[in-house]
Amino acid sequence: MSSSHILSNEKGKIVLKNGGQCVFTYVIKSHNNENPAFVLYDSMETNGIKVEITNKKIEVSLLNPYKIIVDISNDIVYDVPYWFSLDAQNRRICGGIGEPRLETAIYWYSFTDVSYKKILECLSYIEHNEIIEYRKVLKDPITRNVSLVVKDIDELSMDDIAMGWYMPKANLSLVSQKMYDCIAGKKFVLNTSDFPDFSKAIEYSINTRGCWCNKTLKKKATEFNKEKPNIKETYLRITLGENNGESPGVPYVMEIWPVGHYSPIHSHAGADAVIRVLHGSINVKLFPYLSEKMPLPFGFADFTEGDITWISPTFNQTHKLENLRTNKDTCITIQCYMYNEKDRSHYDYFDYIDGHGEIQPYEPDSDMDFTEFKKCMKAEWENAKNNIYNFL
């Protein structure tokens with residue numbers, strides 16, 4: 001069957017780098033009479049898989065001979081990212097809404113007949129109609145859950161790799177590996193020999209009226225909601241170095257999260273990132289996409305001191321960070337952001353959901369330079385100790 005009989009409004013063909021495997025990511029635009037649809041097919045256009053999205057369901061069918069292989073009712077959402085994974089080696093197809101990962105899948109199908117492996121391996125093109133807005137094609141299919149904690153070569157065991165418990169550093173992008181190497185060392189710690197009470201000093205500054213952290217947090221109470229001040233929706237951004245135009249804001253930022261404080265739901269401008277917990281612990285809620293009609297989170301994770309997690313243009317982009325009220329200590333993290341070499345937009349903002357449920361841009365700013373902040377904390381801490389000594 002020719003593809004011209006399958007889809008109207010032909011837009012051309014997308015060639016797969018590896019026949020039989022890919023993740024196709026796209027957005028469904030609003031439409032009137034025509035259903036969004038795309039086809040994965042072989043070079044002869046004799047075999048293929050058609051995906052068509054109606055108002056209430058996603059239908060996936062084989063074309064030769066025609067057979068519906070998936071027919072599940074779904075809540076269809078427009079103007080958000082969708083994905084479809086083709087995996088010939090394991091004879092599986094699946095798809096979902098949001099980030100391309102198993103946690104966001106809304107349908108899944110496995111071919112039990114081994115002969116389908118060769119059929120799927122021959123699928124080498126994608127064609128879609130005008131209702132589908134093509135985003136990108138990833139060369140590897142979705143096969144397992146995405147690990148959130150990064151481990152380096154000397155920390156990984158055979159069990160770790162077999163079970164997929166951790167993300168090997170070597171599997172990160174080159175720019176993320178670069179950032180990882182900058183902040184993962186044994187000496188990259190908060191409390192150092194020249195200031196062993198750094199974390200205590202920060203805690204004191206947060207909880208003491210008139211100290212810098214306490215005053216700055218109060219000033220930031222309207223940062224994400226001008227109409228309703230909320231000091232709990234605040235955190236401090238202490239920058240290391242300067243913005244060299246390769247990241248949204250300064251690429252290295254120490255963020256300070258008092259107990260009970262949190263960020264709004266936000267995304268990271270398609271940047272790569274690595275995040276290390278320097279002190280305390282942080283809870284992360286992951287969302288499939290950022291929208292004015294936000295979906296529920298698909299995952300939760302707690303990271304403690306020493307843990308390193310990651311963000312890529314494809315994964316872990318949309319989240320909410322919170323130092324839970326059940327924790328005892330302020331959480332302090334080092335956040336590292338950088339655009340990869342393929343990024344040409346260099347969007348200088350993080351988008352977030354405001355108090356009205358609308359998407360707003362936030363320019364990542366600096367509350368203070370790290371060197372000056374350390375001096376400030378030392379001065380406050382020495383003053384506090386002197387006051388205690390004089391009182392005694």
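The values are calculated or read from the model by the stated rules, or taken from the named source; none is laboratory data. Since the structure is predicted, the reported quantities are computational estimates derived from the model, not experimental observations. Cβ: placed from backbone, ideal geometry, glycine included. Neighbour counts: every protein chain shown.
Structure notes:
- Within the range 119-133, residues that are closer than 19 Å to Val77 by Cβ have Cβ atoms under 6 Å from residues that are of a type in the set (A, V, I, L, M, F, W, C) and assigned to a strand (DSSP E or B) in these pairs: His128/Phe38; Asn129/Ala37; Ile132/Phe38; Glu133/Val27, counting only partners at least 6 apart in sequence or on another chain.
- The residues of the range 142-164 that are polar (S, T, N, Q) and more than 27 Å from Thr25 (Cβ to Cβ) amount to a single one, Ser157.
- Residue in the range 223-238 that is closer than 20 Å to Ile308 by Cβ, assigned by TED's automatic domain parsing to the domain that holds Lys342, among the polar types (S, T, N, Q) and crowded, with 20+ Cβ neighbours inside 10 Å present: no
- Test: residue in the range 175-188 that is hydroxyl-bearing (Ser, Thr, Tyr), in the same structural domain as Arg276 (by TED's automatic domain parsing) and out of contact with any helix residue (DSSP H, G or I) (no Cβ under 8 Å at 6 or more places or on another chain): yes
- Out of Tyr289, Tyr339, sole residue that is under 23 Å from Leu172 (Cβ atoms), assigned by TED's automatic domain parsing to the domain that holds Arg237 and either surrounded by 21 or more Cβ atoms within 10 Å (Cβ to Cβ) or free of Cβ contacts under 8 Å to residues at least 24 places away in the same chain (or both): Tyr339
- Of all residues in the range 36-69, those satisfying the criterion of being surrounded by fewer than 16 Cβ atoms within 10 Å (Cβ to Cβ) and part of a loop (DSSP other than H, G, I, E, B) are Ser43, Met44, Thr46, Thr54, Asn55, Lys56, Asn64, Pro65.
- Each residue in the range 292-318 was checked for being of a type in the set (A, V, I, L, M) and surrounded by 20 or more Cβ atoms within 10 Å (Cβ to Cβ), and 2 pass.
- Restricted to the range 130-211, the set of helices (runs of 4 or more DSSP H) holding at least 2 residues that are farther than 30 Å from Ala379 by Cα comprises 158-163, 174-183.
- Here the condition is being surrounded by fewer than 20 Cβ atoms within 10 Å (Cβ to Cβ), of a type in the set (Phe, Trp, Tyr) and either under 16 Å from the mean Cα position of the chain (by Cα) or under 20 Å from Asn145 (Cβ atoms) (or both); of Tyr82, Tyr78, Tyr109, it holds for Tyr109 alone.
- Among the residues of the range 212-229, the one identified as among the aromatic types (Phe, Trp, Tyr) and part of a loop (DSSP other than H, G, I, E, B) is Phe224.
- Taken over the range 278-300, the criterion of being among the small types (Gly, Ala, Ser) and at pLDDT below 95 is satisfied by Ser291, Gly299.
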